[in-house]
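Below is one structure; the comments refer to it alone.
Only the coordinates and a few stated rules stand behind these numbers; no lab work does. All figures in this text were calculated on a predicted structure; none of them were measured in a lab. Please note: Cβ atoms are built from the backbone with ideal geometry, for glycine as well, and neighbour counts cover all protein chains shown.
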Amino acid sequence: MMASKANILLVEDEENLHETLKLNLEMEGYEVSSAFNGTEALKKIANEYFDLIIMDIMLPEVDGIAVTESIRVNNNEVPILMLSAKNAGSDRVLGLKKGADDYLTKPFNLEELLLRVEKLINKNKKLQEKETIGDTYEFGNNKVDFKAQDAITWNGQHIELSKKEAMLLKLLIENKGEVVTREKILQVVWGYNVYPTTRTIDNFILSFRKYFEEDSRHPRYFHSVRGVGYKYMD
Ligand code: CA
């Protein structure tokens with residue numbers, strides 16, 4: 001049993017199969033959101049964080065391959081397990097090419113599906129575990145204490161950080177020199193299902209500049225990468 005429940009989006013239009021899968025996944029301790037067509041799936045993906053998506057290929061409106069393609073175009077790395085009634089190898093290849101991580105052909109063994117789900121979620125968790133920094137971090141003449149949620153800035157000011165500010169700051173610094181995507185920030189800092197607007201994250205970055213940059217209009221440490229995310233550099 002996992003320490004925290006993983007959030008799964010189940011995209012399947014066959015109602016009986018959908019209910020069976022949902023029930024079994026929930027019995028394994030997963031949180032399951034449902035979509036019965038491609039449009040509904042895309043809408044949920046845009047508004048919620050998922051640890052895994054189980055995606056049927058043959059769906060009304062937008063098919064599973066198009067949904068997968070759209071997810072990857074948006075730089076979303078969520079693991080996708082594809083399901084299809086078709087046994088055609090070409091379908092499997094196309095699904096994997098468009099960004100699915102794994103594939104099962106119907107009818108499948110339920111036990112096998114649950115094992116693959118667990119494996120994909122664990123693999124993704126391991127990938128996301130970056131090397132962590134300590135409780136304090138210094139850059140420029142700023143000194144941050146993540147645990148105490150405060151900082152002494154370059155000009156000697158004492159700043160109290162909110163919990164989310166401290167978390168976002170730590171996340172950005174741990175990924176020094178790399179763009180941290182909006183999805184990643186939402187997942188780590190805001191957690192499941194409570195999504196702020198892009199402006200909320202922007203305001204956090206503006207605060208960081210105000211606290212820690214000597215010239216906040218020409219930031220040296222905190223950078224926005226338009227449409228993708230944010231980057232810390234020192
Ligand atoms: Ca179907």
Exercise. Please go through segment 143-169 and pick out each residue that is within 19 Å of Trp190 (Cα to Cα), among the aliphatic types (A, V, I, L, M) and without any contact (Cβ under 8 Å) to a residue 24 or more places away in the chain.
Key: Leu161, Ala166, Met167
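From the list Asp91, Asp101, which residue is within 16 Å of the ligand (Cβ to nearest atom) and either exposed (fewer than 15 other Cβ atoms within 10 Å of the Cβ) or not β-branched (Val, Ile, Thr) (or both)? So that I can check it myself, show each step before the final result.
Values: Asp101 fails: within 16 Å of the ligand (Cβ to nearest atom).
Just one listed residue meets the conditions, Asp91.
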Self-check item: Selection within segment 68-86 - under 10 Å from Lys98 (Cβ atoms) and within 12 Å of the ligand (Cβ to nearest atom)
Solution: Met82
Exercise. Quick one: count up the residues across segment 134-180 that are of a type in the set (Val, Ile, Thr) and closer than 22 Å to Ser224 by Cα.
Key: 5
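This table checks each residue for (1) touching a Phe, Trp or Tyr at 6+ places or on another chain (Cβ under 7 Å); (2) surrounded by 14 or more Cβ atoms within 10 Å (Cβ to Cβ); (3) touching a residue at least 60 places away in the same chain (Cβ under 8 Å).
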residue: Asp135; (1), (2), (3): yes, no, no
residue: Glu138; (1), (2), (3): no, no, no
residue: Asn141; (1), (2), (3): yes, no, no
residue: Ile173; (1), (2), (3): yes, yes, no
residue: Gly177; (1), (2), (3): no, no, no
Self-check item: Restricting segment 47-60 to residues that are of a type outside the set (A, V, I, L, M, F, W, C) and more than 17 Å from Leu186 (Cα to Cα), the residue that is farthest from the ligand (Cβ to nearest atom)
Solution: Pro60
Exercise. Run down Lys44, Lys106, Lys22 and say which single residue is surrounded by fewer than 20 Cβ atoms within 10 Å (Cβ to Cβ) and within 13 Å of the ligand (Cβ to nearest atom).
Key: Lys106
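State all residues of segment 109-121 that are surrounded by 13 or more Cβ atoms within 10 Å (Cβ to Cβ) and either away from the ligand (no atom under 16 Å from the Cβ) or under 14 Å from Phe50 (Cα atoms) (or both); if no residue qualifies, say none. Show your work before the answer.
Step one: of segment 109-121, the residues surrounded by 13 or more Cβ atoms within 10 Å (Cβ to Cβ) are 113-114, 116-121.
Leu114, Arg116, Val117, Glu118, Lys119, Leu120, Ile121 - these are the residues of segment 109-121 that are surrounded by 13 or more Cβ atoms within 10 Å (Cβ to Cβ) and either away from the ligand (no atom under 16 Å from the Cβ) or under 14 Å from Phe50 (Cα atoms) (or both).
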